[in-house]
Amino acid sequence: MCLTEIRARITRACKDAQRDAQDVTLVAVCKNQTADKIIPLLQAGQRVFGENRVQEAAEKWPELRAAYPNVELHLIGQLQTNKAKEAVKLFDVVESLDRPALAEALAKEMKKQNRDLPCFIQVNTGEEPQKGGIAPRDVAKFYDDCRKLGLRIAGLMCIPPAEDVAALHFALLQKLAREISPQNPLMLSMGMSADFESAIRCGASHVRIGTALFEIMKKD
Ligand SMILES: *Cc1c(COP(=O)(O)O)cnc(C)c1O
């Protein structure tokens with residue numbers, strides 16, 4: 001089945017990069033997927049999922065979580081500050097921490113709800129004006145500011161420009177992570193369907209895969 005195929009590709013990429021496959025987490029991106037498409041993955045043991053919209057996650061996940069314990073739900077899409085409250089309730093990890101106002105809103109909500117969600121800082125590695133994220137030169141300061149707010153920064157995340165060689169962006173994200181926190185290297189969420197093997201070579205700890213996972217399923 002599909003999941004097996006993606007897992008095998010992850011394992012192979014790890015082997016090629018002389019990395020332990022245990023160190024790469026597959027985030028199954030199930031935006032626009034209905035519960036009946038997600039359930040087979042849950043049945044096969046997949047537990048880490050990514051959604052990009054609060055509303056969609058709220059419609060699907062409370063029920064799925066009740067049936068399948070230990071799910072880890074990652075928010076991977078841009079979050080409006082007025083939805084921070086619901087997001088902190090629904091999600092376990094925020095991968096799309098992309099601006100100071102959101103850091104403040106999340107920190108406030110986490111305190112209120114007594115929740116401590118690990119966050120990834122989204123870095124706009126391509127410095128694209130239409131895309132969210134912190135510019136590479138501002139990441140170190142933003143990291144410090146987030147920690148002062150009490151946020152647990154687990155790693156960095158990026159979405160490379162579609163037209164670029166993704167590996168250049170992955171290498172930049174890895175370099176930033178090492179510079180910002182040399183003693184305790186940050187995790188790296190990078191790589192999607194088209195380029196996750198390249199991301200694994202550059203040190204990805206999380207690969208976010210949607211299309212490849214669900215497209216293959218259609219063939220089953
Ligand atoms: C949709 C999405 C993905 C998955 O992309 P695919 O190309 O479908 O694998 C990964 N990350 C983010 C932030 C997304 O929005």
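The values are calculated or read from the model by the stated rules, or taken from the named source; none is laboratory data. None of these values were measured; they are calculated from a predicted model. Reconstructed Cβ throughout: ideal geometry from the backbone, glycine too, with neighbour counts over all protein chains shown.
Listing for the model above:
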| read-out | value |
| --- | --- |
| Residue that is nearest to G191 (Cα to Cα), among those in region 4-26 that are touching a Cys at 6+ places or on another chain (Cβ under 9 Å) and in contact (Cβ under 8 Å) with a residue 60 or more places away in the chain | V24 |
| Residue in region 191-208 that is of a type in the set (S, T, N, Q) and modelled with pLDDT under 95 present | no |
| Unmet requirement for A135, which otherwise passes all of (1) within 15 Å of the ligand (Cβ to nearest atom); (2) surrounded by fewer than 16 Cβ atoms within 10 Å (Cβ to Cβ) | (1) |
| Members of region 169-201 that are under 13 Å from M157 (Cβ atoms), more than 14 Å from the ligand (Cβ to nearest atom) and not in a helix (DSSP H, G or I) | L186, M187 |
| Count of region 56-108 residues which are polar (S, T, N, Q), farther than 18 Å from G132 by Cβ and surrounded by 17 or more Cβ atoms within 10 Å (Cβ to Cβ) | 0 |
| Close pairs (8 angstrom Cβ cut-off, 6 or more residues apart or separate chains): in contact (Cβ under 8 Å) with a residue 12 or more places away in the chain in region 48-69, assigned to a helix (DSSP H, G or I) and of a type in the set (K, R) anywhere | E51/K60; V54/K83 |
| Single unsatisfied condition, K15 versus (1) at pLDDT below 95; (2) more than 23 Å from A87 (Cα to Cα) | (1) |
| Which numbered condition M217 misses (of (1) within 16 Å of the ligand (Cβ to nearest atom); (2) under 22 Å from G50 (Cα atoms); (3) at pLDDT 95 or above) | (3) |
| Residues located in region 202-211, provided they are within 15 Å of the ligand (Cβ to nearest atom) and either among the β-branched types (V, I, T) or part of a loop (DSSP other than H, G, I, E, B) (or both) | A204, S205, V207, I209, G210, T211 |
| Pair list, Cβ < 8 Å and 6+ apart or interchain, from region 141-166 residues that are part of a strand (DSSP E or B) to residues that are hydroxyl-bearing (S, T, Y) | I153/Y143; G155/S189; G155/S205; L156/S189; M157/S96; M157/S189; C158/T125; C158/S189 |
| In region 32-55, residue surrounded by the fewest Cβ atoms within 10 Å (Cβ to Cβ) [restricted to those that are within 15 Å of L90 (Cα to Cα) and within 12 Å of the ligand (Cβ to nearest atom)] | R53 |
| Criterion: touching a helix residue (DSSP H, G or I) at 6+ places or on another chain (Cβ under 7 Å) and within 21 Å of A154 (Cα to Cα) - qualifying residue of L64, L41, L3, L79 | L79 |
| The lone exception for S193 - which of (1) buried (at least 16 other Cβ atoms within 10 Å of the Cβ); (2) without any contact (Cβ under 8 Å) to a residue 24 or more places away in the chain; (3) out of contact with any strand residue (DSSP E or B) (no Cβ under 9 Å at 6 or more places or on another chain); (4) not basic (K, R) it fails | (3) |
| Condition check for A166: over 18 Å from D23 (Cβ atoms) and touching a helix residue (DSSP H, G or I) at 6+ places or on another chain (Cβ under 7 Å) | yes |
